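The values are calculated or read from the model by the stated rules, or taken from the named source; none is laboratory data. Note that the structure is predicted; figures quoted are calculated from it, not measured. No Cβ is skipped: glycine too gets one built from the backbone with ideal geometry, and neighbour counts run over all protein chains shown.
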Protein chains: 2
Amino acid sequence: MNFRNFKLPGFVTYGKGSFQKVDEILSHKRVNNLPVIFFVDDFFKNNANFLGTIPLRGNDQVIFIDVTHEPKTTYVDELKDSLTAQFGEVSGIVGIGGGSVLDITKAVSLMMKNPGSSADYQGWDLVKYAGVYKMGIPSISGTGAEVSRTCVLTGPTRKLGMNSDFTPFDQILLDPLLLKTVPEQQRFYTGMDCYIHCIESLNGTYLNAFSRMYGEKALDLCEEIFLHKDEWDDDSDEKLMMASYAGGMSIAYSQVGVAHAVSYGLSYLLGTKHGIGNCIVFDKLAHYYPDGVLKFKEMISKNKIEIPKNLTQSLTEDQFNKMISISLGMEPLWENAIGKNWKSTIDHKTLRELYGQF
Amino acid sequence: MNFRNFKLPGFVTYGKGSFQKVDEILSHKRVNNLPVIFFVDDFFKNNANFLGTIPLRGNDQVIFIDVTHEPKTTYVDELKDSLTAQFGEVSGIVGIGGGSVLDITKAVSLMMKNPGSSADYQGWDLVKYAGVYKMGIPSISGTGAEVSRTCVLTGPTRKLGMNSDFTPFDQILLDPLLLKTVPEQQRFYTGMDCYIHCIESLNGTYLNAFSRMYGEKALDLCEEIFLHKDEWDDDSDEKLMMASYAGGMSIAYSQVGVAHAVSYGLSYLLGTKHGIGNCIVFDKLAHYYPDGVLKFKEMISKNKIEIPKNLTQSLTEDQFNKMISISLGMEPLWENAIGKNWKSTIDHKTLRELYGQF
């Protein structure tokens, strides 16, 4: 039997206003006057108030990260090349944003110390050397990227993370005040990423008591804020931040399932963003997760969300085949969702029917 | 405002039977043929079956740890001196046992790289250098020592831990099968340590959403296994193991409270073991934790436990004064429990009355 040995993030700071502690934490991590680079979601580009609170010292630099698309290996490589050209080396990278910014931060930090292209490291335990110091600061919560052992990248041939013991952050800082600026719609889709993690983890064959503890708690928190509360308040932000952390811990020790396996195909072909793609797919998964989908539909309705429709109506069969092939390649996800014999029920035909519904 | 930056254990492995993975994990940690030392609770001394599963290589050694008394700085120093005399250096130390063994493992690991006596490091952030590699494997669950940033030691002048960023384990391994041998009574007292952590954390002024998430989940698990289940089974062991972990995470980011502040005094003077001391004290704390104590009394009754009585009846006033002085010294615990103005309600007289009830 295989028991995973899961690397936890090094340090965690939690608290409203804890962002002000970043300067002090970094003061112990600055090496030889090399700069700290702040990767900041370009959503904050015109938010002078927020940008003014980033504790820049010496030749530190803010780089705005374009999250129009899911993170690509080419983008990671460009960022690495540009940092290397400008500075040679850096003391560390601090990522401030949602799952995409956090994943790009992890990837570039690793690439600062590993030769070649990030595409060479898509897979399990291919990374050879620890990267530079990296800190993750979520400003949108739900993905669990702050605690995960991977950073999902779209490469030349696949969408797959650099999954390694070197990938988790050295430091995460969870300041619920940073969530205040998130647009409602985006908050919902990213929050649903967490909700779906919980459903997939709790209904998976890989489940154990460790994953269950985190998954149940994250699920309680998601239901409380998206279903049972009358309106969104500060307490909701705090709970969503912790739900994301706990949901991430839950899948770290189990695995995601059908929604992720299928939405990766959509996202690879159409560039559909991860949170929204998961929702589009999960909405049609009543056969696999009956209770989870029922509650999901209540959340959709209570939060007045319109799930995008008709994404696949005009696709060619070649395009369907590409999505199906990407999805069937996600073996651990299917094995977790269905069991070791998943190939007896999940085949080209099943997936063609499913993809046709989006 | 002060935001703690909490060091997490490096790696975590969870699973029934995961103890068999220890050999593989250690294979990456052995340095220059230096031995790995296994600190094993002397409860296992005559358990040849279990001892046979410890993966000894080369000149590795098992040392049985005497847990008759709460861990003392003198015992830690002796263990360090004897390892240094015999081996010079070691690759690492693996602790297998309850809170005492885990705390001794953390302390000796640190002392292998820090000069002087462990008593010199009782306090906050006094440890100067990382210790040798250390792995914690609980065989009794409840204390949360597997995740804590301290190792509580009784020294020449106080009972206080070596609380530092170097103290958490590099690796924890949680195998619920190891809990099978725990005697019922001991399981209850150690489990109540966890229950009391939750009550103290959830009712403390330091509480935040991070601590609350862990505290609420650990409390749910404790109530399920000690109150709502008809009998103890494998599932109970799994849940207790996770409750201990989550309870430890909850206080790591908040603080314990009245029961711990008072029981430290008992334990310092009379050598009362931590779990049982907490129960003796908590039983009399209805004024501070009314709901928690009510449920505690239900658990006591359902599990047919007799809390020891008449411990303090024949003590001298000097002895009471010593306990009271130890307890009043636990400032952060009182501040968490009562608030910044705790000195206006907690004084010599209050504590004299309380200690007189045990």
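In this structure, does B:D193 turn out to be under 15 Å from the mean Cα position of the chain (by Cα) and either closer than 14 Å to A:R212 by Cα or away from every other protein chain (no Cβ under 11 Å) (or both)?
Yes; evaluated as a whole, the condition is true for this residue.
Could you say which residue among A:I276, A:I300, A:I251 is under 13 Å from the mean Cα position of the chain (by Cα), part of a helix (DSSP H, G or I) and either in the same structural domain as A:I140 (by TED's automatic domain parsing) or surrounded by fewer than 24 Cβ atoms within 10 Å (Cβ to Cβ) (or both)?
Checking each option against the conditions leaves just A:I276.
With (1) away from chain B (no Cβ under 11 Å); (2) buried (at least 24 other Cβ atoms within 10 Å of the Cβ) as the list, and A:L174 as the residue in question, which single condition is left unmet?
Failed condition: (1).
Hey, among A:L34, A:L8, A:L26, which residue is under 25 Å from A:A85 (Cα atoms), in contact (Cβ under 8 Å) with a residue 24 or more places away in the chain and within 14 Å of another protein chain (Cβ to nearest Cβ)?
A:L26
Look through A:T68, A:T53 and report the one residue that is at pLDDT below 95, on the phi < 0 side of the Ramachandran plot and more than 14 Å from chain B (Cβ to nearest Cβ).
On inspection, the qualifying residue turns out to be A:T68.
Taking the options A:E24, A:E78, name whichever one is surrounded by fewer than 21 Cβ atoms within 10 Å (Cβ to Cβ) and under 21 Å from A:P156 (Cβ atoms).
Result: A:E78 is the single residue among A:E24, A:E78 that is surrounded by fewer than 21 Cβ atoms within 10 Å (Cβ to Cβ) and under 21 Å from A:P156 (Cβ atoms).
Which of the residues spanning the stretch B:154-177 are of a type in the set (D, E) and farther than 19 Å from A:N208 by Cα?
Matches in the stretch B:154-177: B:D165, B:D170.
Do the conditions hold for A:V94, that is, is it under 19 Å from the mean Cα position of the chain (by Cα), part of a helix (DSSP H, G or I) and more than 22 Å from A:S254 (Cα to Cα)?
No.
Under 7 Å between Cβ atoms, which residue pairs at least 6 apart in sequence (or on different chains) link something in the stretch A:235-257 that is facing chain B (nearest Cβ under 9 Å) with a partner that is among the hydroxyl-bearing types (S, T, Y)?
A:M241/A:S141; A:A246/A:Y214; A:Y253/A:S211; A:Y253/B:Y14
Checking B:F226 against (1) within 12 Å of chain A (Cβ to nearest Cβ); (2) surrounded by 24 or more Cβ atoms within 10 Å (Cβ to Cβ); (3) touching a residue at least 60 places away in the same chain (Cβ under 8 Å); (4) not charged (D, E, K, R), only one condition comes out false. Which one?
That leaves (1) as the condition not met.
Could you check how many residues of the stretch A:43-60 are surrounded by fewer than 15 Cβ atoms within 10 Å (Cβ to Cβ) and in contact with a strand residue (DSSP E or B) (Cβ under 8 Å, 6 or more places away or on another chain)?
3
Select from the stretch A:143-165 the residues that are touching a residue at least 60 places away in the same chain (Cβ under 8 Å) and either over 26 Å from A:I199 (Cβ atoms) or among the aliphatic types (A, V, I, L, M) (or both) and list them in ascending order.
Selection gives A:A145, A:V147, A:V152, A:L153, A:G155, A:P156, A:D165.
Any residue at all in the stretch B:268-281 that is aromatic (F, W, Y) and either closer than 16 Å to B:G215 by Cβ or in contact with a strand residue (DSSP E or B) (Cβ under 8 Å, 6 or more places away or on another chain) (or both)?
yes
Give B:A261, B:A243 a once-over and let me know the one that is within 13 Å of B:C198 (Cα to Cα) and either touching a Leu at 6+ places or on another chain (Cβ under 7 Å) or not assigned by TED's automatic domain parsing to the domain that holds B:L102 (or both).
The unique qualifying residue is B:A243.
Hey, among A:V132, A:V101, which residue is in the same structural domain as A:F44 (by TED's automatic domain parsing) and under 25 Å from A:R4 (Cα atoms)?
When all the criteria are applied, what remains is A:V132.
Just the residues that are part of a helix (DSSP H, G or I) and crowded, with 19+ Cβ neighbours inside 10 Å, please, taken from the stretch A:336-358.
Selection gives A:N336, A:A337, A:I338, A:W342, A:L351, A:L354, A:Y355.
Quick grid of which residues meet (1) out of contact with any Lys or Arg (no Cβ under 8 Å at 6 or more places or on another chain); (2) in a strand (DSSP E or B); (3) under 17 Å from A:S139 (Cα atoms); (4) in the same structural domain as A:N114 (by TED's automatic domain parsing):
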site	(1), (2), (3), (4)
A:F19	yes, no, yes, yes
A:E24	yes, no, no, yes
A:R30	no, no, no, yes
A:F38	yes, yes, yes, yes
A:S82	yes, no, no, yes
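Is one or more of the residues making up the stretch B:121-132 at pLDDT 95 or above, within 17 Å of the chain's Cα centre (by Cα) and closer than 16 Å to B:P9 by Cβ?
No, every residue in the stretch B:121-132 fails to be at pLDDT 95 or above, within 17 Å of the chain's Cα centre (by Cα) and closer than 16 Å to B:P9 by Cβ.
Would you check if there is a residue in the stretch B:56-73 being touching an Asp or Glu at 6+ places or on another chain (Cβ under 7 Å) and in a helix (DSSP H, G or I)?
The answer is no; no qualifying residue exists.
In the list A:G155, A:G142, A:G161, which residue meets the criterion of being surrounded by fewer than 24 Cβ atoms within 10 Å (Cβ to Cβ) and in contact with a Cys (Cβ under 6 Å, 6 or more places away or on another chain)?
Just a single option satisfies the conditions, and that option is A:G161.
Considering only the stretch A:79-96, I want to know if a residue exists there that is touching a residue at least 60 places away in the same chain (Cβ under 8 Å), of a type in the set (A, V, I, L, M, F, W, C) and more than 26 Å from A:K29 (Cα to Cα).
no
Within the stretch A:118-133, is there a residue that is part of a strand (DSSP E or B) and either under 23 Å from A:G215 (Cα atoms) or touching a residue at least 60 places away in the same chain (Cβ under 8 Å) (or both)?
yes
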